[in-house]
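Inspection log for the structure reproduced underneath, given as structure tokens.
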4 protein chains.
Amino acid sequence: MNTLAQFKTIKTLLFDVDGVLTNSHLLILENGALLRQMNTRDGYAIKKAMQEGFEVFIITGGKSEGVLKRLEGLGIPRSNIYAGVQQKIEVWKELQEHFQWNPKEVLYMGDDFPDYEIMQQVGMPCCPSDAIHEIKALCQYISPIKGGEGCARDVIEKVLKLNDKWGDM
Amino acid sequence: MNTLAQFKTIKTLLFDVDGVLTNSHLLILENGALLRQMNTRDGYAIKKAMQEGFEVFIITGGKSEGVLKRLEGLGIPRSNIYAGVQQKIEVWKELQEHFQWNPKEVLYMGDDFPDYEIMQQVGMPCCPSDAIHEIKALCQYISPIKGGEGCARDVIEKVLKLNDKWGDM
Amino acid sequence: MNTLAQFKTIKTLLFDVDGVLTNSHLLILENGALLRQMNTRDGYAIKKAMQEGFEVFIITGGKSEGVLKRLEGLGIPRSNIYAGVQQKIEVWKELQEHFQWNPKEVLYMGDDFPDYEIMQQVGMPCCPSDAIHEIKALCQYISPIKGGEGCARDVIEKVLKLNDKWGDM
Amino acid sequence: MNTLAQFKTIKTLLFDVDGVLTNSHLLILENGALLRQMNTRDGYAIKKAMQEGFEVFIITGGKSEGVLKRLEGLGIPRSNIYAGVQQKIEVWKELQEHFQWNPKEVLYMGDDFPDYEIMQQVGMPCCPSDAIHEIKALCQYISPIKGGEGCARDVIEKVLKLNDKWGDM
């Protein structure tokens, strides 16, 4: 099956946060609070995907309150957001058993070490252009776009267009 | 009519906000508040255009209070700012009917999906260098500058210079 | 006199702020407050220049309280900071008359329209790499560095090194 | 001894902050507060290095409370953080005498003037790609990555991989 056919098959989209929906920059306030940087284009695409009936899940080692509020603000149900996760592979097993996902229909976008095992399980592992090389080596698709710069939109747009659901523009 | 002649004809300037007057970055505070990034060069040019008698309007799907304050701070009348717009084409119809604009005299700068229909109506559709390719395909002018990096100044400077109103420098 | 000889002659350093000591990015908070971006390398160099006996002045159209506090924090006397200036050429006339500066000993770094006239007066007009082209056209030296990325350090380092005052590294 | 062999020998990692763990950008709030930018990838690597038994020290001329909180948040003991340091070489002498470090086993990553002397003492002086050229000239290794963009991770990853401690991925 070629890459386009694989994108067309996707029904469920899983995203890591740090380095995927954010870039790797942290702004440090004097009180120690941290600001993260996300992208409006990813936000638009995530909303669009959910409107068109795709399932979106977040699996992240982080637990930034601001990021979680932003993700909920986009309409991702709180129950679809797994934050502060130590072992992502355990979340995968739990979800896969519960929803009986066909791995071929699941896309995961990650960029770093903690994403490695789960990306071996899904049918469509994807990463941003600045993922670590070990992650790149196992991906079906490497986006030309960096983390936090719209890489999630890139894959969502592909899935929706191939299903004639991106819009009639 | 060539591109320079078209720029010279412009009397009214319409701008989208996200991806045009801002880049697509969102900084996320821990309380969920969002910071957007704009550009001092666009601000200077927008003020200059209004001083020289050009009309400036904002038509945006967003409704960030901070951005609206910044735009009002530049001197754009509140009545010229359309925020939280769902269908930009409806705002166009309303404004065009009210002001009896000649489309040839109107420039619109947009970058994404929701700008598509309105950009088919104005005489001079323009976009930043990082607009989506569907938008680029219908533009009379693609700025070499990205959204939030001074792309609005780029088109304003062209319009004013061709009308001998950019300054006597 | 060649460029290096000109740098060696400088005793007084004048800087614009927006686009020189800052880049052109503005971060917009929801309450309308604006954040500007400066550079630690410029800060180090400005302090060093003053320690070594060079005079540093700021002449800016802006009046951001945060930027003024940062500049005072670097040790620039409040009396050397001219903020909210409408006509920079008037400040030049006043200062030049008061201090009887030899224009050949004065460097000014600016990037945009409002800097044009004053840069015609000083002996050593300089600009960052992303200055507007009209400013570039009248500069003795165009730094390879952008505004807010260390362009002030670039010129200060040249002046001090040619006077054997940059350090014995 | 070649560069890889040198990396393998390292037991202790010393880092400057400004320009190494941060980039040189400063965001200025209206009240004069400063925000600095760090990188999540450096954070991950620093934690990993300490878990694997390497010693991490911070030696910085700065004294940003926010940065110190972030570094402590990564698990670096407060007693390993030297902030507000005027003469880094003095801290080196004190630490080296106290711990009886073999300089060959110590890596220091710095980028600027105040790092010069200490970098002449350690066995493995390293710098980010945007260090000043005098620093680059004395480094055993110049990272291809800029300060604040993950240059610390780059060297930590090399040290740990050569010691088979980066993970079994």
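Listed values, structure above:
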| read-out | value |
| --- | --- |
| Peptide D:15-28, shielding by other chains (average Cβ, 10 Å cutoff) | 5 |
| Helix-only mean residue ellipticity at 222 nm for the protein assembly as shown, each DSSP H run of n ≥ 4 adding -39500 (n - 2.57), per residue, nearest 500 | -11000 deg cm²/dmol |
| Inter-copy label distances at residue C:104 (7 Å, Cα→Cβ; nm, one decimal) | 5.8, 5.8, 8.2 |
| Between helix A:151-162 and chain A: long-axis angle, C-alpha atoms, 0 to 90°, nearest 10 | 20 |
| Listed peptides C:52-61, D:18-27 by packing density, highest first (mean Cβ within 10 Å) | D:18-27, C:52-61 |
| Within chain D, percent of DSSP bridges classed antiparallel, to nearest 5 | 15 |
| Debye, to nearest 20: dipole size of the range D:27-119, +1 on Lys, Arg Cβ, -1 on Asp, Glu Cβ | 340 |
| Equivalent ellipsoid semi-axes - Cα gyration tensor, chain C, angstrom | 23, 18, 16 |
| Net charge of Cβ neighbours under 9 Å - reference residue C:110; Lys, Arg +1; Asp, Glu -1 | -3 |
| Angle in degrees between helix C:40-51 and the longest Cα principal axis of chain C, rounded to the nearest 10 | 50 |
| Local electrostatic count, residue C:96, Cβ distance below 14 Å [Lys/Arg +1, Asp/Glu -1] | -2 |
| Per-residue average of Cβ from other chains inside 10 Å of B:60-67 | 3 |
| Among C:2-8, A:160-166, the order from most to least packed when residues are scored by Cβ within 10 Å on average | A:160-166, C:2-8 |
| Qualifying lysines (Cα of each under 16 Å from Cα of residue A:93; at least 8 residues distant if same chain) | A:104 |
| The range A:68-91 versus the range C:26-105: alpha-carbon centroid distance in Å | 46 |
| Over 19 Å (Cα to Cα) - which of A:69/D:47; C:47/D:63; D:8/D:161 fall in this group | A:69/D:47 |
| Mean separation of Cα contacts under 8 Å (6+ apart) over length of the range D:45-169, as relative contact order % | 20 |
| In degrees, nearest ten, helix D:88-99 long axis to first principal axis of chain D (Cα) | 50 |
| Pseudo-label separations to other copies for residue A:86 - Cα-to-Cβ vector, 7 Å, nm | 4.7, 4.7, 6.6 |
| Low-density loop positions, chymotrypsin sites (Phe, Trp or Tyr not before Pro), the range B:85-134 - DSSP coil, at most 15 other Cβ in 10 Å | none |
| Counting DSSP beta bridges with both ends in the protein assembly as shown, the antiparallel % (nearest 5) | 30 |
| Label zone at residue B:5 (point 7 Å along Cα-to-Cβ), backbone N below 17 Å, the range B:114-144 | B:123-125, B:140-141 |
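Values quoted throughout were computed directly from the atomic coordinates according to the rules given, and no laboratory measurement underlies them. Everything numeric here is computed off the predicted structure, so don't read it as measured data. Cβ: placed from backbone, ideal geometry, glycine included. Neighbour counts: every protein chain shown.
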